[in-house]
1. Yes or no: the range 52-72 includes at least one residue that is closer than 22 Å to Ala156 by Cα, open to solvent by 40 Å² or more (accessible area, probe 1.4 Å) and in a helix (DSSP H, G or I).
2. Quick check: is even one residue across the range 138-145 closer than 27 Å to Phe212 by Cβ and open to solvent by 30 Å² or more (accessible area, probe 1.4 Å)?
3. On the basis of being outside any helix (DSSP H, G or I), surrounded by fewer than 13 Cβ atoms within 10 Å (Cβ to Cβ) and acidic (Asp, Glu), does Asp151 make the cut?
4. Report yes if some residue within the range 92-100 is touching a strand residue (DSSP E or B) at 6+ places or on another chain (Cβ under 7 Å), at pLDDT 90 or above and part of a strand (DSSP E or B); otherwise report no.
5. Since Val183 meets every condition but one in (1) in contact with a His (Cβ under 9 Å, 6 or more places away or on another chain); (2) open to solvent by 30 Å² or more (accessible area, probe 1.4 Å); (3) modelled with pLDDT under 95, which condition does it not meet?
6. Can you tell me which residue is most open to solvent (accessible area, probe 1.4 Å) among those in the range 79-127 that are farther than 20 Å from Tyr215 by Cβ and among the hydroxyl-bearing types (Ser, Thr, Tyr)?
7. Out of the residues in the range 166-180 meeting the condition of being among the charged types (D, E, K, R) and free of Cβ contacts under 8 Å to residues at least 40 places away in the same chain, tell me which one is farthest from Asn70 (Cα to Cα).
Amino acid sequence: FIGMCGIMVQECTVKLARCRAALPLCAALATLMLGGCQVAYLLFGQGRQAAAFKLPKDVRVLVLVDAAPNSGMPISLPRRLGRRIAVRLFHHKVETDFVPQYRVMALRRAVPAFAHWSIAKVARKFDTNLVIYVFVRHFTVQLASDNQVTDGAATAEVKVVSADGQRLWPVRPPGEHPVTAVVRSGLARDQSVSQVRSHLLTVLARRTSQLFYSYEIRSQPRMPHPQK
């Protein structure tokens with residue numbers, strides 16, 4: 001009886017070893033057959049996402065951020081969002097020549113009709129080759145009856161436009177690429193309104209800039225809680 005049990009254990013060990021040896025091959029075949037970063041991410045928890053649109057090199061770029069009148073976005077935040085997007089693109093060596101955001105803000109204040117200008121007219125004013133246009137539809141921080149922050153959410157639409165007004169990306173309808181940011185109640189509970197707004201800006205800037213360079217797919221970082 002003992003000898004029979006030993007034989008059975010040995011057979012099970014061999015079969016288990018074969019199964020383990022086959023796992024890397026199966027994973028590789030699945031990656032090759034189905035292709036793309038999504039499969040690698042599902043199998044290994046990581047992968048690489050290609051740029052949705054590659055900006056041409058050595059051009060002058062304007063990051064232009066507008067917000068819908070009823071978006072809930074404070075008037076000072078479009079400038080901050082534009083700057084964060086430009087900084088990320090610079091750090092990832094996508095482009096090096098950006099129109100400073102303070103110049104955009106100065107023109108907004110000096111020319112009341114600026115809000116009604118076409119993207120092409122703005123591009124000509126700043127002598128830029130192309131415009132990354134971000135339109136914020138929704139930017140809110142929800143408060144409970146006791147003024148406690150409950151959650152935050154933001155949505156935006158992104159497109160790339162040439163100096164002559166031609167849309168370069170996306171070329172297919174609806175013509176804008178959606179970008180979202182959310183701060184769940186569990187993370188927002190211990191945050192101030194300004195902290196949640198800053199986090200929404202960070203996420204929007206990261207997801208917008210990532211459209212223009214390849215990056216490793218990892219779990220998204222969570223918003224840190226403040227030190228008590």
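The values are calculated or read from the model by the stated rules, or taken from the named source; none is laboratory data. Here the structure is a predicted model, which means the values were calculated and not measured. Virtual Cβ from ideal backbone geometry, glycine too; neighbours counted across all protein chains shown. Ligands, DNA and RNA are excluded from the accessible area calculation, which covers all protein heavy atoms including side chains. Shrake-Rupley method; radii C 1.70, N 1.55, O 1.52, S 1.80 Å.
1. no
2. For the range 138-145, residues closer than 27 Å to Phe212 by Cβ and open to solvent by 30 Å² or more (accessible area, probe 1.4 Å): present.
3. Criteria not met by Asp151.
4. Within the range 92-100, one or more residues are touching a strand residue (DSSP E or B) at 6+ places or on another chain (Cβ under 7 Å), at pLDDT 90 or above and part of a strand (DSSP E or B).
5. (2)
6. Selected residue: Tyr102.
7. So the first thing to find is which residues in the range 166-180 are among the charged types (D, E, K, R), and the list is 167, 172, 176.
Narrowing further to those that are free of Cβ contacts under 8 Å to residues at least 40 places away in the same chain: 167, 172.
Details: Arg167: 25, Arg172: 27 Å.
Result: Arg172.
Condition check ((1) aliphatic (A, V, I, L, M); (2) closer than 20 Å to Arg103 by Cβ; (3) free of Cβ contacts under 8 Å to residues at least 60 places away in the same chain) across all residues:
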| site | (1), (2), (3) |
| --- | --- |
| His116 | no, yes, yes |
| Arg124 | no, yes, yes |
| Asp127 | no, yes, no |
| Ser145 | no, no, yes |
| Lys159 | no, no, yes |
| Asp164 | no, no, yes |
| Val182 | yes, no, yes |
| Thr202 | no, no, no |
